[in-house]
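The values are calculated or read from the model by the stated rules, or taken from the named source; none is laboratory data. Keep in mind the model is a prediction, meaning the values are calculated, not measured. Every residue, glycine as well, gets a Cβ built from its backbone with ideal geometry; the counts of neighbours run over all protein chains shown. Accessible surface is based on the protein model in full, side chains and every heavy atom, while ligands, DNA and RNA are left aside. Shrake-Rupley method; radii C 1.70, N 1.55, O 1.52, S 1.80 Å.
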Amino acid sequence: MPKGIYTVPYAVNEPIKSYAPGSAERESLQKTYDKMWNDQTEVPMYIGGNEVTTSKKMEINPPHDHKHVAGYFYDGDVDHAKAAIKAALDAREKWASLPWEHRASVFLKAADLAAGPYRDRLNASTMIGQGKSVYQAEIDSACEFTDFLRFNVQYMSEIYEEQPVSDNGIWNRVEYRPLEGFLYAVTPFNFTAIAGNLPTCMALMGNVVVWKPSDKQMLSAGVLMELFKEAGVPDGVINMIQGDPAAITEECFGHPDFAGIHFTGSTSVFKKFWTQIGNNIDVYKTYPRIVGETGGKDFVWAHPSADPRAVATALTRGAFEYQGQKCSAASRSYIPQNIWDEVKEYLISDLKEIKIGSPRDFTNFMNAVISKHSFDKIKGYIERAKENDDTEIIFGGNCDDSKGYFIDPTVILTTNPKYESMEEEIFGPVLTIYVYDDAQWEDSLDLVNETSMYALTGAIFSQDRYVIDLASKKLENAAGNFYINDKPTGAVVGQQPFGGARASGTNDKAGSAQNLLRWVSPRLIKENFVPPTSYKYPFLGADE
Ligand code: NAD
């Protein structure tokens, strides 16, 4: 047991490296990238202490060069899910009873590995496997992942410090127990940091985990598992499996010891999960925790007083960085007539400068979208907009998948504020703009609020404080992360805890104590120092 009340190192955000020409980090990362590009890395499943391969060897193809094979991963089946659940449950007793400072040490070490010796491999694998530019990889797989680990350790210790008061003669204590059973993490392709955070934050709180990453993130998932092992995460505490997602999930949800799901991905998948868990409710020993951060249709709204240059910059960065494949990406915008010409001019002149291609060429601001499936879906929205009477493509619109899944940054102008690309998540480099009559600015806020089922991020631009106040009130439930005079992307752990409401998720704010609280079940312990020895209360005495 601990023999001290320890203070954990104070968490600070990992500084972002510049990768400017001539810098040491640029040269080092380029070397690692070139090596990984040719290495043909094999990523096994990790079940208990075993690295498991199968006869189903799957290629890892970079999105910007889909005929190239950068490596392989192995597909498993329901038997691997069964084995992973067993390995997790076998590891539970020892891990759950390990004093908390050792769990903290393991994940603080993981943070230092991610920020140090693993930084290049995390970034290079994210650039190659998920098609991120160097800067997008750095802010994700190096900095955000490291921040999650360090801040979560601090939040864990703050949670443990949260204790009830005690009256005379008694001592009340709360133990933050791990959940009884195993937890299931299902992660998306678009952030290595999310893939790393979902299983680790649950393990940090003493839980054991079955983790199923996206099959489009396997190169960096393999690096994460190696890092966890080197940090000292014991065998069986985080088990990584791959295979048919629906079958694996059904196996996990059908188990009596299933204690919770930590999901990030699309809304439709999460809704399916919720239904499945509800249907199985009589199977479980405990009520499973259900946490999901899902899709978005994130807005940028400008008031007639807004600075057109700031609005245009927020649109370029917010809509097109990482090809619009951030859940927070700006994808619908409402611009007043009085500033539209200027916003359009700045936006189009910025977009004309943007280069698209391989992340290995650092001068490319944009790269390819993740897969053939995404490419076809995004192209469908663009083709329909080309045909529709309510829409005009004012920039981009070209799609070419001959070498990689490349789509130009595309801006659709619409006269119909309820057009499909104003309402539905596209998850690609497509921004739709509706220009409104300046006099109608207040009504346009209702349009923003009522147009989509999502409520993840949103940004308002105005120089007028009364307008900022009114818009903040009217859009209170339209976004879980609300930005004033800033782009709606780029949340930083510890500074802007992230999550949305409505169809965008349970809003349990990744990178906050609130999220960690979902992975513990508090036990209140009341100890009485001198217990009473008679049942009789004074009021039972007879009147004189
Ligand atoms: P996705 O829903 O296709 O996949 C997410 C995960 O779910 C993957 O591991 C996938 O294999 C698994 N999955 C897919 N279908 C499944 C099924 N039928 N049964 C079980 N598992 C299944 O999402 P994606 O394309 O990887 O990621 C993009 C989505 O994630 C977007 O909708 C985006 O908005 C969302 N996202 C949200 C946040 C957030 O914080 N709100 C962050 C990142 C991504």
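Before moving on, here are some points about what is shown:
- Enumeration of residues in the stretch 102-133 that are under 16 Å from M156 (Cα atoms) and of a type in the set (D, E, K, R): R103, K109
- Pair list, Cβ < 7 Å and 6+ apart or interchain, from the stretch 503-523 residues that are closer than 19 Å to V153 by Cβ to residues that are polar (S, T, N, Q) and crowded, with 17+ Cβ neighbours inside 10 Å: D508/N515; K509/N515; A510/N197; L516/N152; W519/N207
- Unique residue being within 16 Å of the ligand (Cβ to nearest atom) and either buried (at least 20 other Cβ atoms within 10 Å of the Cβ) or in a loop (DSSP other than H, G, I, E, B) (or both) when the list is K285, K326: K326
- Applying the condition of being closer than 22 Å to C327 by Cα and part of a helix (DSSP H, G or I) to the stretch 351-376 and asking which residue is most open to solvent (accessible area, probe 1.4 Å) yields H373.
- Of all residue pairs spaced 6 or more apart or on separate chains, those with beta-carbon atoms under 7 Å, a first member in the stretch 79-103 that is closer than 29 Å to G4 by Cα and a second member that is open to solvent by 50 Å² or more (accessible area, probe 1.4 Å) and at pLDDT 95 or above are A91/P234; A91/D235; W95/P234; E101/Y6.
- Leading residue by the ranking (least open to solvent (accessible area, probe 1.4 Å)) among those in the stretch 83-142 that are assigned to a loop (DSSP other than H, G, I, E, B) and farther than 30 Å from S358 by Cα: P99
- Residue under evaluation K272, criteria (1) touching a residue at least 24 places away in the same chain (Cβ under 8 Å); (2) within 30 Å of I248 (Cβ to Cβ), criterion not met: (1)
- All of I382, I393, I335 fail the test of being touching a strand residue (DSSP E or B) at 6+ places or on another chain (Cβ under 7 Å), part of a helix (DSSP H, G or I) and more than 16 Å from the ligand (Cβ to nearest atom), apart from I382.
- Across the stretch 251-263, a minimum of one residue is classified as surrounded by 18 or more Cβ atoms within 10 Å (Cβ to Cβ), under 28 Å from A221 (Cβ atoms), under 19 Å from the mean Cα position of the chain (by Cα) and away from the ligand (no atom under 13 Å from the Cβ).
- Close pairs (9 angstrom Cβ cut-off, 6 or more residues apart or separate chains): within 19 Å of P359 (Cβ to Cβ) in the stretch 1-27, modelled with pLDDT of 95 or more and loosely packed, with under 15 Cβ neighbours inside 10 Å anywhere: K17/S23; E25/S18; R26/S18; R26/A20
- Exactly one residue out of V165, V174, V209 is more than 15 Å from the ligand (Cβ to nearest atom) and touching a Leu at 6+ places or on another chain (Cβ under 7 Å), and it is V174.
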